[in-house]
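S.K.: This is the structure I have questions about; it appears just below.
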Amino acid sequence: MNILYLHGLDSSLNTEKRAILEEFGMVYSPQIDYRNDERSIESLIKLYNDKNIDFVIGSSMGGFAAYYIADRFQRPALLFNPALAYRSVHQEIPDIKNPISNLKHLVLGAKDEVIDPKSTLEFLSNSIGIDNYNIKVRQDLQHRIPEEIFEVEVKAFFKELLLK
């Protein structure tokens, strides 16, 4: 299986989290310059269009990008504190024509002071009837995703999908 992991703003995928993802397949994790590339989503779609991506995973700004890339590739997505309602840097959202409804599994931190989980839930409420959402609000989670929580949520995501 091919997994596309998209890091957050000014971040990257660390070794520990990469190892967790590699238990489930080949991991593609590009370095993304969200600040200087307003069309990073479009660039990523072009770059990975022929890689047969099976799953898209992203955190924060990467969760925002993963939301739309999953629609384009029509693949399930795991999104950690996605920056859906607002972002500190501008990004163009490509026009995705008639995306097929796919599962988006979201993990939101109730204590997140960077991405307000209430704003994310409000954003999602506007697309009810379009996408299939599995939303978990973790009371113990802030914006950064500790390895132990990352591992639990990644395993739950793959278990849910692989049992179908």
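S.K.: Can you run down the residue pairs with Cβ atoms below 9 Å, 6 or more apart or on separate chains, where the first is in the stretch 110-127 and on the phi < 0 side of the Ramachandran plot and the partner is of a type in the set (Val, Ile, Thr) and in a helix (DSSP H, G or I)?
M.R.: Asp112/Thr120
S.K.: Examine the stretch 128-137 for a residue that is surrounded by 14 or more Cβ atoms within 10 Å (Cβ to Cβ) and in a loop (DSSP other than H, G, I, E, B), and state whether such a residue exists.
M.R.: Taking the stretch 128-137 first, the residues surrounded by 14 or more Cβ atoms within 10 Å (Cβ to Cβ) are 131, 133-135, 137.
The next check asks that each one be in a loop (DSSP other than H, G, I, E, B); those that pass are none.
No, that holds for no residue.
Let's see how each residue does on (1) loosely packed, with under 14 Cβ neighbours inside 10 Å; (2) at negative phi; (3) at pLDDT 90 or above; (4) outside any helix (DSSP H, G or I):
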| residue | (1), (2), (3), (4) |
| --- | --- |
| Asp140 | yes, yes, yes, yes |
| Arg144 | no, yes, yes, yes |
| Ile149 | no, yes, yes, no |
| Glu153 | no, yes, yes, no |
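S.K.: Also, I was wondering about something else. For the stretch 155-164, which positions are among the hydrophobic types (A, V, I, L, M, F, W, C) and not in a helix (DSSP H, G or I)?
M.R.: Leu163
S.K.: Among the listed residues Tyr34, Tyr28, identify the single one that is under 16 Å from the mean Cα position of the chain (by Cα), touching a residue at least 12 places away in the same chain (Cβ under 8 Å) and farther than 21 Å from Phe157 by Cβ.
M.R.: Answer to the selection: Tyr34.
S.K.: Since Leu84 meets every condition but one in (1) closer than 23 Å to Asp140 by Cβ; (2) among the hydrophobic types (A, V, I, L, M, F, W, C); (3) at pLDDT 95 or above, which condition does it not meet?
M.R.: Of (1) closer than 23 Å to Asp140 by Cβ; (2) among the hydrophobic types (A, V, I, L, M, F, W, C); (3) at pLDDT 95 or above, only one is false for Leu84: (3).
S.K.: Something else: Only residues that are at positive phi and buried (at least 20 other Cβ atoms within 10 Å of the Cβ): list them for the stretch 45-94, please.
M.R.: Answer for the stretch 45-94, where residues must be at positive phi and buried (at least 20 other Cβ atoms within 10 Å of the Cβ): Ser60, Asn81.
S.K.: Still on this structure: Within the stretch 126-149, identify whether any single residue is under 22 Å from Lys46 (Cα atoms) and touching a helix residue (DSSP H, G or I) at 6+ places or on another chain (Cβ under 9 Å), and answer yes or no.
M.R.: Scanning the stretch 126-149 turns up no residue that is under 22 Å from Lys46 (Cα atoms) and touching a helix residue (DSSP H, G or I) at 6+ places or on another chain (Cβ under 9 Å).
S.K.: Okay, moving on. Please specify each residue of the stretch 87-119 satisfying the condition of being hydrophobic (A, V, I, L, M, F, W, C) and either at pLDDT 90 or above or under 17 Å from Glu38 (Cα atoms) (or both).
M.R.: Val89, Ile93, Ile96, Leu106, Val107, Leu108, Ala110, Val114, Ile115
The values are calculated or read from the model by the stated rules, or taken from the named source; none is laboratory data. Just so it is clear, the model here is predicted, and its values are computed rather than measured. In this analysis, Cβ positions are derived from the backbone assuming ideal geometry, glycine residues included, and neighbour counts consider all displayed protein chains.
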